[in-house]
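What follows is one structure encoded as structure tokens, with my remarks underneath.
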Amino acid sequence: MSAIAQPAVHSSWRSYVQEAKCEALQKLREPAYCLPVIGFPVLFYLLFGVLLDKGEGKAAQYLLATYGAFGVIGAGLFGFGVSIAVDREKGLLRLKRALPVPPGALLLARMAMAMLFAAIISLVLAVIAATVAGVALEPSQWIRLFVINVLGVLPFCAIGLFVGSVVGGSAAPALLNMLYLPMAFLSGLWLPLTLLPGFLSTIAPAWPAYHLGQLALKVVGFDAGQPIGMHVGVLAGITLLFFVLAQRRLSAAE
């Protein structure tokens, strides 16, 4: 008896991988996203962390942590916020749900894409810091900074997802910039909080960017001394809250 050919079983993991690959390639081929997301933290670090450091090394080490956080926040906010808003406006999210792909493939793919860009930003800044700026850290410190940056993008993916679920594609970039830049400044990512007025330092923990910055600063020894668990708990809560809010918003729009 001849063997009966069995249909190939479609593996879910392959769908996730292919979706993530497509998202990464799309963003890498999109200069309006990848150039500012990677370029801004690198240029700012070269200007303020290297050229204006005056050879002491403290500014270079401090800003390595904070500009890393600044860069990955942008990757998360804009990687989700703008694209989700545009896709929702054009009806592409409904089309995606009608395609034979595993549940959550688009969400996980964009999370993977944002984490990839966070990794690129972290590595580029580390190379500049170790070579041009003369920053000397232990291997474990470099690894911890890298991990904090890659995982730290997730709360801001959630915030970007929520913003993209609320506003349209034309309004999303402006709204995200209105959130991104003041939040970074008021969280001590551009300047130490000690240089800001006292009341701004007092309210800094209200910003999620502050907690990511403090985790990174703790690695290089410039944090405010608060518990790691507090920062991690706040960021985890922000991630869960905004993912749930965005999911409800997107589901209601169906």
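Tabulated values for the structure
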item: So F146, is it hydrophobic (A, V, I, L, M, F, W, C) and surrounded by fewer than 21 Cβ atoms within 10 Å (Cβ to Cβ); result: yes
item: Odd one out for A119, checked against (1) surrounded by fewer than 18 Cβ atoms within 10 Å (Cβ to Cβ); (2) at pLDDT below 95; (3) among the aliphatic types (A, V, I, L, M); (4) in a helix (DSSP H, G or I); result: (2)
item: Within region 28-63, tally of residues that are open to solvent by 10 Å² or more (accessible area, probe 1.4 Å), not in a loop (DSSP other than H, G, I, E, B) and not hydroxyl-bearing (S, T, Y); result: 22
item: Checking S165 against (1) farther than 16 Å from A69 by Cα; (2) within 16 Å of the chain's Cα centre (by Cα); (3) surrounded by 19 or more Cβ atoms within 10 Å (Cβ to Cβ); (4) not basic (K, R), the condition it does not meet; result: (2)
item: Test result for A216, without any contact (Cβ under 8 Å) to a residue 60 or more places away in the chain and either part of a helix (DSSP H, G or I) or open to solvent by 30 Å² or more (accessible area, probe 1.4 Å) (or both); result: no
item: Lone unmet requirement of (1) open to solvent by 50 Å² or more (accessible area, probe 1.4 Å); (2) within 18 Å of G152 (Cα to Cα); (3) assigned to a loop (DSSP other than H, G, I, E, B); (4) of a type in the set (A, V, I, L, M) for V232; result: (3)
item: Odd one out for D223, checked against (1) assigned to a helix (DSSP H, G or I); (2) of a type outside the set (G, A, S); (3) buried (at least 16 other Cβ atoms within 10 Å of the Cβ); result: (1)
item: Residue satisfying condition, being over 16 Å from the mean Cα position of the chain (by Cα) and under 16 Å from A158 (Cα atoms), within set L250, L195, L217, L212; result: L250
item: Yes/no for T194 being closer than 21 Å to Y67 by Cβ, of a type outside the set (F, W, Y) and either without any contact (Cβ under 8 Å) to a residue 12 or more places away in the chain or open to solvent by 60 Å² or more (accessible area, probe 1.4 Å) (or both); result: yes
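The values are calculated or read from the model by the stated rules, or taken from the named source; none is laboratory data. It should be emphasised that the depicted structure is a prediction, and the values quoted were computed from it without experimental measurement. Positions of Cβ are generated from backbone atoms using ideal geometry, with glycine treated the same way; all protein chains shown enter the neighbour counts. Quick note on the areas: whole protein, heavy atoms, side chains included, nothing else; ligands and nucleic acids left out. Shrake-Rupley method; radii C 1.70, N 1.55, O 1.52, S 1.80 Å.
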